Amino acid sequence: MKRIHILTALAVLSLATPSCNYLDHPQDSRTELNRADKIERLLVSAYPNLLPMGFTEHRTDNVADNGPRFTDGTISNHEGYYWEPNSETDWDTEYNFWNTCYHSIMTANQALKAIEDLGSPTELRHSRGEALLCRAYTHFLLVNVFSQIYNGQTSQTDKGVPYFTEPEHGIGEKHPRLSVATVYKLIEADLLEGMSLIDDDKYTQPLYHFTTRAAKAFATQFYCYYEQWDKAKQYADQILGTGQVTGLRDVKTYNKFTQFDEVMRAYINPQDKANIMLLATRSLWGRRLKHTRFAHNSTIASKETYRSGGGWGANLWSYDRLYGSNEALYTAKFAEVFEITDVTAQTGQPHIIGMPFDLDKVLLWRAEARVMLKDYAGAASDLSAWYLSKEGNAGTAESIAAAYDTSITADLTEEDRLAREARKETVSKPLNPKFAIESGLQTNLMHAVLHARRVLTAYEGYRWDDIRRFGIEIKHSLADGTVMTLKVDDHRRASQIPAFIREAGMEGNPGY
């Protein structure tokens with residue numbers, strides 16, 4: 001593992017801010033939050049410093065069992081592949097994710113309380129907005145991990161997570177699990193108020209904060225998940241405009257690099273117009289995704305992701321540089337930044353830079369919204385813009401949908417019939433969402449959106465959300481030939497509440 005000294009990382013990646021940088025550890029000055037600058041500094045800790053991909057990606061169909069000739073990796077990779085709770089309690093685990101998220105929420109609430117105690121001065125309106133957005137986003141992450149995904153049919157009774165609005169810890173009767181629907185309503189309230197207060201001019205390094213654009217990107221994602229696609233499109237339009245889309249990530253520019261850390265630097269470059277918000281996380285994901293027993297391999301790439309045929313044409317070759325080309329593929333965008341905290345011992349903390357929001361994600365969320373709103377020409381336009389930016393081909397709604405058609409008719413050749421049957425197991429797995437979606441053009445265009453997003457977000461865990469949101473049944477095959485199936489309504493689609501929380505009195509999730 002190549003280690004990057006913290007000073008070198010900061011110089012090369014330009015990730016410093018005047019008050020702190022993304023690898024800094026601000027002092028906890030909660031007992032003396034009597035000035036605006038102290039509150040602003042505290043808010044650095046209100047962003048979650050861990051994302052769920054480290055324990056959700058292996059639950060998806062992006063991963064296969066490559067057999068015992070490869071290293072087994074880590075326990076959490078193995079447990080994820082079997083849809084089991086994490087037995088470990090450190091690094092990229094459900095336990096650590098729960099703890100770090102609620103710590104971030106408590107920090108946001110402490111800042112909000114301090115602002116209130118100071119009389120809510122005008123100079124701190126933007127800080128209140130930032131704290132509300134951090135609180136909303138972190139609860140959004142939590143409820144989507146530890147609960148069944150939101151849907152209009154069962155979320156009124158599905159168990160969600162506690163929603164903390166005061167700077168205090170505690171669980172059980174005082175902070176019970178609210179319904180998923182209630183959590184979403186609280187998230188929406190914080191999101192909308194926070195977004196109205198943000199002032200981009202207050203940020204020296206805006207890419208590492210909730211700017212207006214980042215807040216609208218979050219709103220786009222949130223309303224897609226909330227099944228309010230008209231609002232999702234509304235916020236996406238404010239970012240992307242209503243004409244030709246520009247500024248999407250140009251993956252082919254990475255072909256000139258020879259080292260993974262060079263690709264990582266380019267991917268998170270603040271000058272890249274595609275980037276909307278970055279999160280620095282304390283994570284071993286940059287190492288764990290390289291373990292090759294359970295991993296994204298060339299077979300999956302060729303049949304289901306960026307080397308498979310899709311609405312874009314035959315292949316997206318430039319993704320070879322971003323995702324690698326070995327038997328077990330891994331991605332350069334998560335190369336590790338190692339912070340040396342003891343120069344003599346050469347020990348320290350590993351970090352990766354997460355990308356919760358960029359233009360490509362917003363574009364595909366809008367494409368999803370347009371499919372659901374039956375604006376098929378608009379959806380095809382968004383998909384074509386994404387295809388062209390990745391060296392693919394543009395298409396019409398009909399031509400893109402045809403690439404995902406699995407209907408069997410009498411006039412098909414045997415070759416075409418077999419190809420359509422194969423799609424049911426790869427890129428057009430049957431959709432069974434709890435919202436209405438019509439067969440034919442609407443369903444096939446949604447397959448196109450899901451396929452593009454699967455390529456775009458490989459290793460980021462978003463595929464797990466799509467599997468659950470769209471009711472996709474997936475199979476995990478073992479090297480010995482055993483096939484495990486995760487059914488559409490399997491309780492294991494919600495991660496188990498960590499054991500120490502259940503032991504303290506909180507109700508766990510069934511099915512484990």
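The values are calculated or read from the model by the stated rules, or taken from the named source; none is laboratory data. Source: prediction; values computed, not measured. All Cβ positions, even for glycine, are placed from backbone atoms using ideal geometry, and neighbour counts span all protein chains on display. Surface areas here come from the heavy atoms of the whole protein model, side chains and all, with no ligands, DNA or RNA. Shrake-Rupley method; radii C 1.70, N 1.55, O 1.52, S 1.80 Å.
The table that follows gives values for the structure above.
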read-out: Residue list for segment 52-75, restricted to those being in contact with a strand residue (DSSP E or B) (Cβ under 9 Å, 6 or more places away or on another chain), surrounded by fewer than 23 Cβ atoms within 10 Å (Cβ to Cβ) and closer than 22 Å to THR281 by Cα; value: GLY73
read-out: Inter-residue pairs, beta-carbon under 6 Å, first assigned to a strand (DSSP E or B) and in segment 327-356, second exposed (fewer than 14 other Cβ atoms within 10 Å of the Cβ), 6+ apart; value: GLY348/THR341
read-out: Scope segment 382-391; condition touching a residue at least 40 places away in the same chain (Cβ under 8 Å) and open to solvent by 10 Å² or more (accessible area, probe 1.4 Å); matching residues; value: ALA385, SER389, GLU391
read-out: Condition met for THR154 (open to solvent by 20 Å² or more (accessible area, probe 1.4 Å) and either at positive phi or of a type in the set (Val, Ile, Thr) (or both)); value: yes
read-out: Failed criterion for PRO121 (all others in (1) closer than 22 Å to ALA136 by Cβ; (2) open to solvent by 10 Å² or more (accessible area, probe 1.4 Å) hold); value: (1)
read-out: Output for segment 392-417, where each listed residue is open to solvent by 70 Å² or more (accessible area, probe 1.4 Å) and in contact with a Leu (Cβ under 8 Å, 6 or more places away or on another chain); value: GLU398
read-out: Residue satisfying condition, being in contact with a helix residue (DSSP H, G or I) (Cβ under 9 Å, 6 or more places away or on another chain), modelled with pLDDT of 95 or more and open to solvent by less than 40 Å² (accessible area, probe 1.4 Å), within set LEU192, LEU133; value: LEU133
read-out: Every pair of residues 6+ apart whose Cβ atoms lie under 9 Å, when the first sits in segment 291-315 and is farther than 19 Å from GLU398 by Cα and free of Cβ contacts under 8 Å to residues at least 40 places away in the same chain while the second is among the basic types (Lys, Arg) and open to solvent by 10 Å² or more (accessible area, probe 1.4 Å); value: SER298/ARG307; ALA301/ARG307; ASN315/ARG307
read-out: Scan of segment 115-132 for residues that are among the small types (Gly, Ala, Ser) and touching a Ser or Thr at 6+ places or on another chain (Cβ under 9 Å), ordered by number; value: GLY129, ALA131
read-out: Qualifying residues in segment 461-487 (those that are under 26 Å from ALA401 (Cα atoms) and touching a Pro at 6+ places or on another chain (Cβ under 9 Å)) - the one most open to solvent (accessible area, probe 1.4 Å); value: GLU473
read-out: Unique residue being aromatic (Phe, Trp, Tyr), open to solvent by less than 20 Å² (accessible area, probe 1.4 Å), touching a helix residue (DSSP H, G or I) at 6+ places or on another chain (Cβ under 6 Å) and at pLDDT 95 or above when the list is TYR223, TYR235, TYR267, TYR254; value: TYR223
read-out: 2 or more residues closer than 19 Å to GLY311 by Cα and free of Cβ contacts under 8 Å to residues at least 60 places away in the same chain: qualifying helices (runs of 4 or more DSSP H) within segment 425-512; value: 441-456
read-out: Some residue of segment 204-216 being touching a Gly at 6+ places or on another chain (Cβ under 6 Å) and either polar (S, T, N, Q) or part of a loop (DSSP other than H, G, I, E, B) (or both); value: no
read-out: Lone unmet requirement of (1) at pLDDT 95 or above; (2) surrounded by fewer than 20 Cβ atoms within 10 Å (Cβ to Cβ); (3) not small (Gly, Ala, Ser) for TYR203; value: (1)
read-out: Qualifying residue in segment 161-175 (condition: in contact (Cβ under 8 Å) with a residue 24 or more places away in the chain and buried (at least 23 other Cβ atoms within 10 Å of the Cβ)); value: no
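So that you can scan it fast, the table gives a plain yes or no per residue for (1) at pLDDT 95 or above; (2) in contact with a helix residue (DSSP H, G or I) (Cβ under 8 Å, 6 or more places away or on another chain); (3) buried (at least 18 other Cβ atoms within 10 Å of the Cβ); (4) hydroxyl-bearing (Ser, Thr, Tyr):
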{"site": "ALA419", "(1), (2), (3), (4)": "no, no, no, no"}
{"site": "SER428", "(1), (2), (3), (4)": "yes, yes, yes, yes"}
{"site": "ASN432", "(1), (2), (3), (4)": "yes, no, no, no"}
{"site": "ALA436", "(1), (2), (3), (4)": "yes, no, no, no"}
{"site": "SER439", "(1), (2), (3), (4)": "yes, no, no, yes"}
{"site": "LEU445", "(1), (2), (3), (4)": "yes, yes, yes, no"}
{"site": "ALA448", "(1), (2), (3), (4)": "yes, yes, yes, no"}
{"site": "ALA452", "(1), (2), (3), (4)": "yes, yes, yes, no"}
{"site": "ALA458", "(1), (2), (3), (4)": "no, yes, yes, no"}
